[in-house]
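Okay, structure first, notes after.
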Amino acid sequence: MQANESWGRRWSEDSLAMARTYMEVACRKQSLVCLAADRSTMAELNQLIDEVGPYLAALKTHVDLVDDWTPEAWSAFCDKASAADLLVFEDRKFADIGGISRKQMSGIYDIRSWADLVTAHLISGPDIVDGLQAGWSDVGREGGVLLLAQMSSRGNLLDPEYTAKVVALGKSHPGVFGFIGNGSRPDDLKLLRQAVGDGKLIWTPGVNLAVGDGEMGQRYGDPREAVLAGSDCIIVGSGIHKSSNPSQQAKAYAKASWDALLERKQK
Ligand code: S5P
């Protein structure tokens, strides 16, 4: 199925190249799943791609939690992700002023050279998006920024007023790929989608086929409900990588998310 058919208004109203790239990958893979690859060794990370790569559209990393990280091993890992037709998303949650964020895209991890997407808080103001985009431009690459509009963890400080400001500033910014919303609360997510409109994507962590509470204050909602409420990508971590059968689980998340997109399209 063509991306414009599956994604409807989201496809026609979104103008960021990386957003369309994502929508196309999701169609090829028939999956709206981004795996939160929260593993701390290169061997485990590579194993995850081997096991579940076919069922994912993107891979979310926390590069700074890898114990045996080397530039060479990381580069091979990114090549492997690319061969598996996956976008690479570094969940760095940048939050500093624009100029420093630009520099933080380089440094030892050199995120600008391999990440297609990064997360940022907008607490320091909208220049952070320009800083991150400048980071990619510095190496002749393009990428997209996902702004944290909501969080899934209990007690977080991103209240509705803050969310509304992030959405208002982010939805008209050309460097913004979309927003992180809370997948554990479909009603909140529907409101977020109304505020965002169709021109930007919403990606949601806090999603698990087993709904309820996770570790250390994490909360979970159902993948289908999240997509029907307006999520364009479900970010799933432990639901896949801590399962006794990761590939079977990844397949189940892919099916739930893709079927929900097709169901949403009918509405
Ligand atoms: O609000 C948030 C934002 C993010 S990006 N809540 C989150 O849990 N995340 C990330 O999603 C978090 O950093 C982790 O990598 C993933 C959720 O993992 P899980 O194991 O709880 O599914």
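The values are calculated or read from the model by the stated rules, or taken from the named source; none is laboratory data. Given the structure is predicted, the values throughout are model-derived calculations rather than measurements. We place every Cβ from the backbone using ideal geometry, glycine too, and count neighbours over all the protein chains shown. When the accessible area is computed, the model is the full protein with side chains, heavy atoms only, and any ligands, DNA or RNA have been set aside. Shrake-Rupley method; radii C 1.70, N 1.55, O 1.52, S 1.80 Å.
Compute the FRET efficiency between residue 215 and residue 161 as 1/(1 + (r/R0)^6), taking r as their Cβ-Cβ distance and R0 = 35 Å, and round to the nearest 0.05.
0.75
What's the center-to-center distance, using Cα atoms, between the stretch 102-145 and the stretch 38-84 in Å?
20
How would you rank 202-208, 251-257, 66-72, highest first, on the average number of other Cβ atoms within 10 Å across their residues?
Descending packing order for the listed peptides: 202-208, 251-257, 66-72.
Tell me the carbon and sulfur percent of the accessible area for the chain, rounded to whole percent, probe radius 1.4 Å.
49
Quick one: how many lysine pairs in the chain have C-alpha atoms under 13 angstrom apart, if they're 8 or more apart or on different chains?
Final tally of qualifying lysine pairs is 4.
Express in Å², to the nearest 10, the accessible area of residue 28 obtained by rolling a 1.4 Å probe over the protein heavy atoms while all chains stay in place.
Using a 1.4 Å probe on the heavy atoms, I get roughly 140 Å².
Please figure out what share of the DSSP beta bridges in the stretch 3-266 is antiparallel and state it in percent, rounded to the nearest 5.
Close to 5 percent.
Can you tell me the FRET efficiency between residue 195 and residue 12 if r is taken as the Cβ-Cβ distance and R0 is 22 Å, rounded to the nearest 0.05?
0.70
Jot down the per residue volume, in cubic angstrom and as a whole number, of the convex hull over the alpha-carbon atoms of the stretch 3-266.
113
Report the antiparallel proportion of the DSSP beta bridges in the stretch 1-146 as a percent, rounded to a multiple of 5.
0
Given only helices, namely DSSP H runs of n ≥ 4 each adding -39500 (n - 2.57), what is the per-residue ellipticity at 222 nm of the chain, to the nearest 500 deg cm²/dmol?
-13000 deg cm²/dmol
For the stretch 3-266, report the accessible area per residue in Å² (1.4 Å probe, heavy atoms, rounded to an integer).
That works out to 42 Å² per residue.
Could you work out the relative contact order of the chain, using alpha carbon pairs under 8 angstrom and six or more residues apart, expressed as a whole percent?
Answer for the chain is 19 percent.
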